[in-house]
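Derivation of every value follows stated rules applied to the coordinates shown; laboratory data play no part. In this text, all values refer to a predicted model and were calculated from it rather than measured experimentally. Here the Cβ positions follow ideal geometry from the backbone for every residue, glycine too, while neighbour counts run over all protein chains shown.
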Amino acid sequence: MKDVITRAFNAAVFQVKEHSGEILAVAGVGLGVTATVLACKSTLKAHEILEKGKQNLEDIHEAEKIAKEQGLEGYKEDSVKKDLAVAYGIMAKDLLVCYGPAIILGGLSIGCVFTSTNIMRKRNLTLAAAYGTLDSIHKDYRARVKEKYGEQVDQEMRYGIKAKEIKSMVQKEDGSTEEKKETKNVATKKINKDNDFTRIFDRVNSVYWRNNAYYNKDFIQGVETDMNILLKKRGYVFLNDVYEALGMDGTEAGHDIGWVYKDHTEKEVREHHNCITITPITYLGDDATDFNNGYEPSCILDFNVDGYIRNQITWAKR
C-alpha cells in the first residue's frame with residue numbers, strides 16, 4: 001500500500017512539473033485579475049485616506065497661520081515641517097496598507113508569467129536541439145544510403161516505392177479482350193501535407209494553379225527567384241513563406257523549417273549553396289518530365305530545405 005501511494009505521489013509531482021509552464025501562466029492571469037479587482041476596491045478606500053490626509057495638512061497650515069498672526073513662538077517653521085512630514089508619512093503608510101495586497105498579487109502575477117515564459121522558452125530550445133539532432137541523423141542516414149546504394153534506392157525508400165503487378169484488359173486485333181499483367185513501380189507513400197515538406201501543386205492545393213503547364217512552370221520558377229532574393233535580402237526564409245507565395249496553406253513544421261543565408265568559407269560553400277530550389281517531381285521522385293514539357297499541368301513540388309532554422313537566424317543576421 002505504501003509503494004502504491006508513493007508511486008501515485010511521484011506521478012502527481014511529475015505531472016505538475018510537466019505542466020508547470022501552463023499552470024504558472026494560468027496562475028499569473030488569475031492573480032492579475034484578482035490584483036485588478038482589489039486595486040479597484042482599494043481606490044474607494046484611498047479616497048477617504050486622501051481626504052483625511054488633506055484635512056490634516058489643512059489643519060497644520062491653519063495652525064501655522066494662527067501662530068504667525070498672534071505672534072506665538074511655540075509653533076515655529078521647524079515644527080511645521082516636522083508635522084507636515086508626519087502627516088505625509090501617515091498618509092503614505094495608509095495608502096500602502098490599502099493597496100498592499102493588490103501590489104503583492106500584481107507582483108506575483110508578473111513573476112508567474114515571466115517564470116512560465118522562461119520555462120516554455122527552455123522547453124522550445126530543448127525541442128529545437130532534439131529536432132536538430134534527429135534531422136542531422138536523418139540526413140546522414142540518407143547520405144549513406146545514396147553513397148552505398150545510389151539515388152534511386154534512396155527515393156524508393158523515401159516514397160515507399162514497391163513493384164506491384166498491375167492487371168488490365170487489352171483489346172486484341174480480332175476484337176476480343178484479354179487480361180494483361182505487368183509489373184510497375186508504385187509509390188505506396190502518399191503525400192501528407194502535415195508531415196512532409198513535399199506538396200502537390202494542383203487546383204485543390206493552390207489558388208494560383210492554372211490549367212496550363214507552361215504557365216504553372218513559369219509561375220513556380222518566378223516564386224523560386226523571388227524567394228532567393230528574399231533569402232539574400234532578409235537572411236532567412238521559412239518554408240511557409242514559400243508555401244504562401246505558391247498559394248498553398250502553411251503547416252506547423254513550416255513555421256520552423258526553412259533556409260538560412262550564410263557567409264561561407266570555401267569549405268562551407270561546397271556543403272551549402274545558399275539557394276532555394278523548388279523541384280517538380282513525380283511520386284517516384286523522378287523529374288516531372290510531362291510537367292516540364294507542358295503535357296501535365298499538375299505535379300509534386302519538393303523543397304531543398306536546410307532544416308530547423310530558428311536557432312540559426314540570430315547568428316545568420318549578424
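Structure notes:
- Gained length - Ala143 relative to Glu62, 0.36 nm times residue gap less alpha-carbon distance: 20.0 nm
- DSSP-loop trypsin sites (Lys or Arg not before Pro) across the range 204-246, with at most 12 other Cβ within 10 angstrom: Arg210
- Estimated FRET transfer efficiency when R0 is 41 angstrom, pair Leu95-Ile229 (beta carbons, to 0.05): 0.10
- Once backbone amide H atoms are built at 1.01 Å from N, Phe201 has Cys299, Ile300, Leu301 as its partners under 5 Å, excluding neighbours fewer than 5 places away on the same chain.
- If R0 is taken as 35 Å, the Cβ-Cβ distance between Arg203 and Asp174 corresponds to a FRET efficiency of 0.25.
- Checked against a 31 Å cut-off, the cross-linked pairs Lys217/Lys262; Lys146/Lys217; Lys17/Lys45; Lys41/Lys122 give Cα-Cα distances beyond that limit for Lys17/Lys45; Lys41/Lys122.
- Karplus 3J(HN,Hα) series, Hz, for the range 52-66 with 6.51 cos²θ - 1.76 cosθ + 1.60 (x for Gly, Pro): 5, x, 4, 5, 4, 5, 5, 4, 5, 5, 5, 5, 5, 5, 5
- Estimated from the Cβ-Cβ distance and a Förster radius of 30 angstrom, the FRET efficiency linking Leu125 and Gln152 is about 0.20.
- Among the GluC sites (Glu not before Pro) within the range 24-116, those in coil by DSSP and having at most 11 neighbouring Cβ atoms inside 10 Å are Glu73.
- Computed lengthening from His47 to Lys262, 0.36 nm per intervening residue step minus Cα-Cα distance: 71.2 nm
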